[in-house]
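Q: Please find one structure pasted underneath; my questions will follow.
The values are calculated or read from the model by the stated rules, or taken from the named source; none is laboratory data. All figures in this text were calculated on a predicted structure; none of them were measured in a lab. Quick reminder, even Gly has a Cβ in these numbers, built from the backbone with ideal geometry, and neighbours come from all protein chains shown. Calculation scope for accessible area: heavy atoms of the full protein, side chains included, ligands and nucleic acids excluded. Shrake-Rupley method; radii C 1.70, N 1.55, O 1.52, S 1.80 Å.
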Amino acid sequence: MMERIDFLGLQAFLSIANWGSFNRAAASLNLSQAALSHRLKKLEDELGVRLVARTTRQVTLTPAGVELLPSAQRIVDELSQIFGTLRRQGRESQDVVRFGCLPTIAGHHLPVILQGFSAAHPGVLVRVLDQSATAIIERVRAGEAEFGITIMSAQHYDLDITPIHQEAFVLVCRADHALARAKVVTWSDLDREILIKIGEQTGNNLLIAAGLGGRYADVTWTYEVHRVATAIGMVRGGLGATVVPRLAFQAADEGKIVAVPLRAPSIARTIGIVTRRNHTLSPVAESLARMIQAYFNAL
């Protein structure tokens, strides 16, 4: 059976020992002398020994008090340090929300969501980790982000993913491109086109490869970049066309480039909110996640 520890009694004892006076010890703890004496007596009764010898002229420690003093000081110091750390963590979890987000979503869609969030939670600091799908998964898994907005892919034993939006991949080309006015294009229509690929190991490219299957090897990519924004910039500059998720195109200059539905086959990605399994979000993170989900559900 675990022994009960009287921390209030230890605090009273240490204050008396440090000040050498009941009057000053009581004042330092914002207590009356009677309350201080009661705490000390309760501790002495529990231990079965006297800790303090008090006369009209002085206050001294008994041999038992001298023996207890260093251990009591160490226990209270350690507890003070632990409580201080927990308080700081509590303030940070309430005042700061960190989450991961795909760059293609962060640039165009987050500003609208965060305006509403900041109005509802003034003073809360928001840290957006705009990184790749793989990096977001690792940030959430490590606890560096409370949640992430990313592509739903393989299942993870330690993570939960809630789907919030599905979007199709589209062909993005300049408005003066030969395919720009087509209502729909097929992958076969791209055989002679100059295409810009989003990095070999990025989540978007992996989805395209999976959707095309064996036909993926027949697609000729003239350029390869790592980020969607770079590919769209190259399209704007007239270097070719690219295939990106529909939401990524919404972040671009639609006056100079256009998005054309891409079929045969149609390829889509599902965006979801990823969290650590059996982990409860902080109140502000939970509020932000709900706002994000509501926004994408309405698209």
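Q: Over the chain, with a Gaussian network built from C-alpha contacts below 10 Å, which listed residue (ILE271, ILE16, ILE257) shows the highest mean-square fluctuation?
A: Comparing ILE271, ILE16, ILE257 in a Gaussian network model of the chain, the most mobile one is ILE16.
Q: At a 1.4 Å probe radius, carbon and sulfur cover how many percent of the accessible area of the stretch 7-90?
A: About 55 percent, which is the carbon plus sulfur part of the accessible surface.
Q: Can you tell me the length gained on complete extension of the stretch GLN115 to ALA182, counting 0.36 nm per residue apart and subtracting the Cα distance?
A: Stretched out fully, the GLN115 to ALA182 stretch lengthens by 20.4 nm.
Q: Assuming 0.36 nm per residue, please report the length gained on full extension of the stretch GLN73 to PHE7 beyond their Cα-Cα distance.
A: 22.7 nm
Q: Right, something else. Could you give the accessible area per residue of the stretch 165-269, probe 1.4 Å, as a whole number in Å²?
A: That works out to 49 Å² per residue.
Q: Whose amide H sits under 5 Å from the amide H of ALA268, counting only residues 5 or more places off or on another chain, with H placed in the peptide plane?
A: PHE169
Q: At a Förster distance of 30 Å, what's the computed FRET efficiency of HIS108 paired with ARG277, Cβ-Cβ distance as r, to 0.05?
A: That pair, HIS108 with ARG277, gives E of 0.50.
Q: Considering every Cα-Cα pair within the stretch 1-135, what fraction, in whole percent, is farther apart than 21 Å?
A: Looking at the stretch 1-135, the distances longer than 21 Å represent 60 percent of pairs.
Q: So how far, in whole Å, is the C-alpha centre of the stretch 238-299 from the one of the stretch 110-125?
A: Comparing the Cα centres of the stretch 238-299 and the stretch 110-125, I get a distance of 19 Å.
Q: Given contacts defined as C-alpha pairs under 8 Å and at least six residues apart, what's the relative contact order of the stretch 7-90, whole-number percent?
A: 27 percent
Q: Here's another thing I want to ask about it. Quick query: amide H of LEU159 versus all other amide H atoms, modeled in the peptide plane; which residues come in under 5 Å with a sequence gap of 5 or more or a different chain?
A: The list, which skips near neighbours in sequence, is ARG277.
Q: How high is the FRET efficiency between ARG236 and ALA294 when r is their beta carbon distance and R₀ equals 30 Å, given to the nearest 0.05?
A: 0.40
Q: Enumerate the residues in the stretch 206-242 having an amide nitrogen under 13 Å from the point lying 7 Å beyond the Cα of ASP191 toward its Cβ.
A: 218-220
Q: Here's another thing I want to ask about it. Given the options ARG192, ARG263, ARG227, state which has the largest fluctuation in a GNM of the chain using a 10 Å cut-off (strictly under) for Cα springs.
A: Looking only at ARG192, ARG263, ARG227, the largest GNM fluctuation is found for ARG192.
Q: For labels at THR162 and ARG50 in the simple 7 Å Cα→Cβ model, what's the distance in nm?
A: Label at THR162, label at ARG50, 6.4 nm between them.
Q: What does the extension gain come out to for GLN81 and ALA268, with contour length at 0.36 nm per residue minus their alpha carbon separation?
A: Length gained, GLN81 through ALA268: 62.2 nm.
Q: Oh, and also: Which percentage, to the nearest 5, of the DSSP beta bridges contained in the chain is antiparallel?
A: 60 percent
Q: Okay, moving on. What relative contact order, as a whole-number percentage, does the chain give when Cα pairs under 8 Å and 6 or more residues apart are counted?
A: 21 percent
Q: Taking the simple approach of a point 7 Å from Cα along Cα-to-Cβ for both VAL96 and THR60, what is their distance in nm?
A: Computed distance between label sites VAL96 and THR60 equals 5.2 nm.
Q: Can you tell me what share of the DSSP beta bridges in the stretch 165-269 is antiparallel? A percent to the nearest 5 is fine.
A: 60 percent
Q: Ignoring ligands, DNA and RNA, please state the percent of accessible area on the stretch 144-244 from carbon and sulfur, probe 1.4 Å.
A: C and S fraction of accessible area: 51 percent.
Q: Regarding the stretch 165-269, what is the average projected area of its C-alpha convex hull, in nm²?
A: 5.9 nm²
Q: Hey, another quick one. From the list (i) 54, 45, 38; (ii) 61, 39, 33; (iii) 103, 38, 29, can you say which value of Cα extents along the principal axes in Å was derived from the structure given?
A: Only one listed value fits the structure, namely (iii).
Q: At 7 Å along Cα-to-Cβ for each site, give me the label-to-label distance between SER32 and LEU212 in nm.
A: Going by the 7 Å Cα→Cβ label model, 8.4 nm.
Q: What list of ³J(HN,Hα) values in whole Hz, one per residue of the stretch 274-283 in order, does the Karplus curve 6.51 cos²θ - 1.76 cosθ + 1.60 (θ = phi - 60°) give from phi, with Gly and Pro shown as x?
A: 9, 9, 6, 5, 6, 10, 8, 5, 5, x
Q: Which Cα, out of GLY123, VAL284, ALA106, lies furthest along the positive dipole direction of the chain (beta carbon charges, K/R +1, D/E -1)?
A: Among GLY123, VAL284, ALA106, the one farthest towards the positive end of the dipole of the chain is GLY123.
Q: Something else: Could you run the Karplus curve 6.51 cos²θ - 1.76 cosθ + 1.60 with θ = phi - 60° over the stretch 213-219 and give me ³J(HN,Hα) per residue in whole Hz, x for Gly and Pro?
A: x, x, 6, 4, 5, 7, 7
Q: If I build a Gaussian network model for the chain, linking alpha-carbon pairs within less than 10 angstrom, which residue out of LEU239, LEU43, LEU110 has the largest mean-square fluctuation?
A: Per the Cα network of the chain with a 10 Å cutoff, LEU43 tops the list.
Q: Using the Karplus curve 6.51 cos²θ - 1.76 cosθ + 1.60 with θ = phi - 60°, work out ³J(HN,Hα) for each residue of the stretch 167-178 in order, rounded to whole Hz, and write x for Gly and Pro.
A: Using θ = phi - 60°, the values come out as 9, 8, 7, 10, 7, 10, 9, 5, 5, 9, 6, 4 Hz.
Q: Follow-up. Taking the solvent-accessible surface of protein heavy atoms with a 1.4 Å probe, what is the per residue accessible area of the stretch 7-90 in Å²?
A: Roughly 65 Å² per residue, with all protein chains present.
Q: Continuing with this model, one more query. May I ask for the net charge around LEU171, where only other residues with Cβ less than 9 Å from the Cβ of LEU171 are counted and Lys, Arg are +1 while Asp, Glu are -1?
A: -2
Q: For the chain, what does the helix formula give at 222 nm: sum of -39500 (n - 2.57) over DSSP H segments with n ≥ 4, over the residue count, nearest 500 deg cm²/dmol?
A: After summing the helix terms and dividing by residue count, I get -13500 deg cm²/dmol.
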